[in-house]
Every structure is written in structure tokens, then in C-alpha cells.
Amino acid sequence: MTDVCAVVLAAGEGTRLRPLTEQVPKALCPVGNVPLLDRALHRLAGLGLTGPDTVAVNACYLGDQVVAHVGDRAHLSVEPGDPLGTAGGIGNLRDWIAGRGVLVGNADAYLADPTTPPGPDIAALLAGWDGETVRLLGQPAPDPAEPGTFDGHRFVGFSLLPWRLVRDLPPTFADLVRTVWRPAEAAGALHVVPYPGTFYDTGTPADYLTANLHAAGGGNLIHPSATVTGRCHRSVVGAGARVAGEVVRAVLWPGATVRPDESLQDVIRVGADRTVGASGLLPPSSMVNGVGADARADEARRRADQ
């Protein structure tokens with residue numbers, strides 16, 4: 001196989017995931033009590049791609065947190081000013097890439113295949129690659145003709161780029177879709193490799209919550225350092241979190257607390273009182289015993305069905 005390095009894109013602001021990303025970069029938001037960036041690095045390690053000579057991570061928004069978290073596990077590319085985008089971030093790493101093919105992964109991609117561990121689950125993307133074509137990991141779209149699809153597939157977080165298309169990318173703002181993928185598609189040099197597992201891009205609070213509940217596997221996922229004296233049902237409870245009330249299909253970030261008089265459902269709790277629902281931050285007026293308006297409507301429908 002052609003010599004390949006890997007880049008994890010972790011520089012974005014995560015605007016759609018606000019307010020969760022106001023103080024924490026999206027790449028470090030936990031899914032199943034594991035930061036998304038660590039999930040990406042673990043998947044690359046499953047392919048034998050490890051260390052700063054082989055794996056790079058770019059950083060910009062709240063970049064000091066990303067730099068501190070990565071440490072010496074990967075080469076770090078800190079982008080000054082605003083993020084350079086998916087293509088500019090790769091262009092900024094041309095000297096480090098130095099002639100190799102590039103496996104590019106989005107830090108916010110949640111992938112899970114129940115039959116194959118992380119790394120081998122995307123190995124088909126690399127298998128038999130000629131080092132000349134662009135490959136995208138994809139899943140069939142409900143509507144093959146919907147905008148943003150490639151050969152009837154939605155992109156699911158990982159792509160493989162040849163050096164011939166990377167070497168001329170400038171370190172200026174640009175995205176891979178318009179700069180590399182669509183031109184390669186028009187030239188007949190882009191191929192989609194199907195991914196058989198589950199994918200969420202975690203870019204919105206709704207998808208982020210869904211990915212966490214998927215990681216919990218239909219039960220509770222409680223960090224050993226959490227304290228639970230209340231009740232948990234199908235929830236993810238982070239390190240040092242405290243649950244004295246009730247949580248149902250909820251995600252508690254590290255250090256979060258749920259008071260004895262609170263019942264949280266279908267929400268994300270950060271700290272002592274910040275509660276984020278599928279549509280964003282929930283003000284106190286939208287909460288009844290800690291349950292968001294969306295969850296109350298769902299409960300009303302369930303009762304009506306009964």
C-alpha cells in the first residue's frame with residue numbers, strides 16, 4: 001500500500017453545537033465518556049497509525065485545550081486566527097505530509113460497528129488503494145439525489161487523499177468538498193467505500209445526544225468516579241458527576257450535578273444548572289422538574305398512545 005499518514009481535523013468552532021462548545025472545543029466533547037478526539041485517535045491506532053511522525057491534529061478554536069489534550073501523541077498544527085477549513089488545514093500541513101497519501105478524519109464523527117473494532121471497521125477505505133484516486137467513507141442516502149451526496153451516499157467522516165491533490169493546497173481558508181472532492185468526482189477519480197456500521201456527525205445537540213445514547217448501548221454508562229444516589233435510565237454519567245435526582249436518556253458531563261428535586265429527560269447537563277435540549281440551551285422557564293419541553297411533549301404522546 002502507498003505510504004499513508006493521517007490527519008484529524010479538530011480546529012472548528014462547533015457553532016451548531018453551542019452552547020456546549022462555548023468553553024470546550026467540539027473535538028473534546030465527550031461521547032460515551034470518551035472525548036471525540038480520543039475516539040478518532042483510537043480508530044487510527046487500530047489501523048497502525050500512531051505517533052507524531054504518522055498522525056497530525058490541527059487546532060484553532062480553543063486550541064490550547066486541544067494542544068494540552070493531545071500532548072505528544074500526534075503532530076500538532078495550530079492555525080493562527082480563524083480556522084482554515086478542511087482543505088486549508090491540510091494545506092497547512094503539506095511540509096509534514098511530505099509526499100504521502102492522507103487519511104483525513106473529522107474529529108466530530110461518531111462511528112460504531114458492532115461486528116468490527118475501531119480501525120479495522122474502516123480498513124476497507126485503505127485496502128488496495130492505488131495512491132491516485134480519492135476515496136470517501138459513505139452510507140447510502142435515503143434520497144440518492146439529495147444535495148451533498150456522492151454516488152448516492154452521504155459522507156461519514158473519513159476520506160483518503162492522494163499526494164498529487166494535496167501538494168498544491170494552499171494554507172488559506174477552503175473546504176475539501178469544493179477544492180478536492182467535487183473536482184475528483186467530475187474527473188471520475190472519486191470512489192465511495194460503504195460503511196456498514198452506525199454514524200452520527202454529533203454536530204448538533206440532538207445528534208450529540210443520540211450518539212451518546214448509542215454509546216451507552218441501551219443501558220447506563222456511568223463513570224466509576226461518579227456518584228449516583230438517585231435513578232438513572234439509559235443515560236451517560238461522566239467522571240465526578242453526581243446524580244441525586246432522576247435522569248432518563250440524559251448525558252451528564254464530567255462534574256455535572258442533578259439535585260434531588262430534579263428529573264432530567266432527553267437533555268445534556270453541564271455543571272450544576274446548565275441544561276441543553278435537542279434545540280439548544282433550555283432556560284429555567286422551559287423546565288418542569290428539570291424536564292425539557294420536547295421531553296414533556298414526547299411523554300404526553302406516549303401516554304395518549306397507551
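Quick notes
- For region 1-61 versus region 77-145, the inter-centroid distance based on Cα atoms is 11 Å.
- Burial order of peptide ranges 255-262, 55-62 (average beta-carbon count within 10 Å, highest first): 55-62, 255-262
- Between Phe173, Phe158, Phe199, the residue with the greatest mean-square fluctuation in the GNM of the chain (Cα pairs under 10 Å linked by springs) is Phe173.
- A Gaussian network model of the chain, with springs between Cα atoms under 10 Å, assigns the largest mean-square fluctuation among Gly48, Gly105, Gly277 to Gly48.
- Shape of region 86-137, Cα gyration tensor, a/c cut at 1.5: oblate
- Sequence-distant residues sharing a close amide H with Leu252 (under 5 Å, placed H): Val236, Val237, Gly238, Arg269
- Cβ-based charge dipole, the chain, positive-most Cα from Leu190, Val31, Pro83: Val31
- Candidates Asp38, Asp113, Asp121, ranked by Gaussian network fluctuation over the chain, Cα under 10 Å, top entry: Asp113
- Entry for region 47-139 at q = 0.12 Å⁻¹: log10 I(q)/I(0) = -0.44, Debye formula applied to identical alpha-carbon scatterers, no solvent contribution.
- Computed Kirkwood radius, in angstrom, where 1/r is averaged over Cα pairs of the chain: 20.3 Å
- Rolling a 1.4 Å probe over the protein chains gives Ser279 an accessible area of about 100 Å².
- Student exercise, the chain dipole from Lys, Arg, Asp, Glu Cβ charges, in Debye to nearest 20: 520 debye
- Note on region 70-223: with neighbouring protein chains present and a 1.4 Å probe, carbon and sulfur make up 55 percent of its accessible heavy-atom surface.
- Extension reserve of the Thr115-Gln23 stretch, reckoned as 0.36 nm per residue once the Cα distance is removed: 29.6 nm
- Solvent exposure of the chain amounts to 44 Å² per residue of accessible area, where only protein heavy atoms count and the probe is 1.4 Å.
- Antiparallel content of DSSP bridges confined to the chain, in %, to 5: 40 percent
- The Arg259 and Val34 beta-carbon pair, evaluated with R₀ = 22 Å, returns a calculated FRET efficiency of approximately 0.25.
The values are calculated or read from the model by the stated rules, or taken from the named source; none is laboratory data. Not measured: the values here are computed from a predicted model. When we count neighbours, we look across all protein chains shown, and the Cβ atoms used for this are built from the backbone with ideal geometry, even at glycine. Note: accessible area is taken over every heavy atom of the protein model, side chains too, but ligands, DNA and RNA are not part of it. Shrake-Rupley method; radii C 1.70, N 1.55, O 1.52, S 1.80 Å.
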